[in-house]
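Right, one structure below, let's go through it.
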């Protein structure tokens, strides 16, 4: 039977319970996503990550750690990273009057941010961060806002490429989000299902351009919990047209496609009906996603919903309603770091790390 571990789950506390261990050992679990509630200190986080890897070394330990208001770990030595808008603003400064000096300084600073971000996380045992945001700042979306680099897709692409270079220097993969673009809709997909009424041509000529230009360096993409009504009546993460025809077929992307959090009620809407967690996972996988995120469910009823999804997905596999994808599993494994991480005490004394800190805005 083909192995494919598509589920990224969460845990409730700062250490693993016996129930957490059982879920993480399940062959359909591919990783763990961490939140602020899982943090006490660097020593605690490092011990937690080591404990996870002792269960299964192939589990992907991930986190939303972008900088600005989306940064899960902020104390005990972690650098307070600026929001991505700060790099766009630095770009617009003219430096010392030399043509393009603001742009060059901004790109160098973005590379440094990526390096610091990834180096600090990896020093504690975290493998992967869902970053960078590739959304364009249309001034419409409160949930995106200063998480976006800029409005201009050229600026966004060059700054994101620079940040991804910094991640790569520290041995970390990247994730562009939220495909094909979340910045032009007002509704917050955490609480409502946004609808973008622009044509496919308009979207591809603007918001989706970073995915076209960065296709050779993106290792993962996260579709938006947004309906693009003139393209498909399903949110992008449930849409085979968006995932398979456009992202993979037309744009040629061959990395990981990972859903945004499927625990949000607004995210589980198809045809006006709210899907169950299992239905949402199956719909996303059938649309062509490789990984499915279920966040913040471990804190509800002891995580019974997570157990239900694990049981239901195993049953769907046995009954042929879901066919595991060997290529998806290979892509998941490719997100794991390939080089050893520097321990924290060694990292903070390293010249390249100190120079990177000096370049941050």
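A short reminder: the numbers here are calculations on the coordinates, not readings from a lab. Just so we're clear, the structure is a prediction, and the values are computed from it rather than from any experiment. Reconstructed Cβ throughout: ideal geometry from the backbone, glycine too, with neighbour counts over all protein chains shown.
Here is how the numbers come out for the structure above:
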{"read-out": "Number of the condition not met by residue 54 [criteria: (1) assigned to a helix (DSSP H, G or I); (2) within 25 Å of residue 159 (Cβ to Cβ); (3) out of contact with any strand residue (DSSP E or B) (no Cβ under 9 Å at 6 or more places or on another chain)]", "value": "(2)"}
{"read-out": "Condition broken by residue 43, with the remaining ones in (1) in a helix (DSSP H, G or I); (2) surrounded by 15 or more Cβ atoms within 10 Å (Cβ to Cβ); (3) out of contact with any helix residue (DSSP H, G or I) (no Cβ under 8 Å at 6 or more places or on another chain) satisfied", "value": "(2)"}
{"read-out": "Hey, residue 32 buried (at least 22 other Cβ atoms within 10 Å of the Cβ), within 26 Å of residue 171 (Cβ to Cβ) and without any contact (Cβ under 8 Å) to a residue 40 or more places away in the chain or not", "value": "yes"}
{"read-out": "Test set (1) surrounded by fewer than 24 Cβ atoms within 10 Å (Cβ to Cβ); (2) in contact (Cβ under 8 Å) with a residue 60 or more places away in the chain; (3) within 29 Å of residue 109 (Cβ to Cβ); (4) within 20 Å of the chain's Cα centre (by Cα) - residue 206 fails condition number", "value": "(4)"}
{"read-out": "Failed item, numbered, when residue 247 is tested on (1) touching a helix residue (DSSP H, G or I) at 6+ places or on another chain (Cβ under 9 Å); (2) more than 21 Å from residue 231 (Cα to Cα); (3) surrounded by 21 or more Cβ atoms within 10 Å (Cβ to Cβ)", "value": "(2)"}
{"read-out": "Hits in the stretch 73-91 - residues which are closer than 19 Å to residue 37 by Cβ, under 20 Å from the mean Cα position of the chain (by Cα) and surrounded by fewer than 18 Cβ atoms within 10 Å (Cβ to Cβ)", "value": "74"}
{"read-out": "Among (1) surrounded by fewer than 22 Cβ atoms within 10 Å (Cβ to Cβ); (2) touching a residue at least 60 places away in the same chain (Cβ under 8 Å); (3) under 22 Å from the mean Cα position of the chain (by Cα); (4) farther than 27 Å from residue 334 by Cβ - the single one residue 108 does not satisfy", "value": "(3)"}
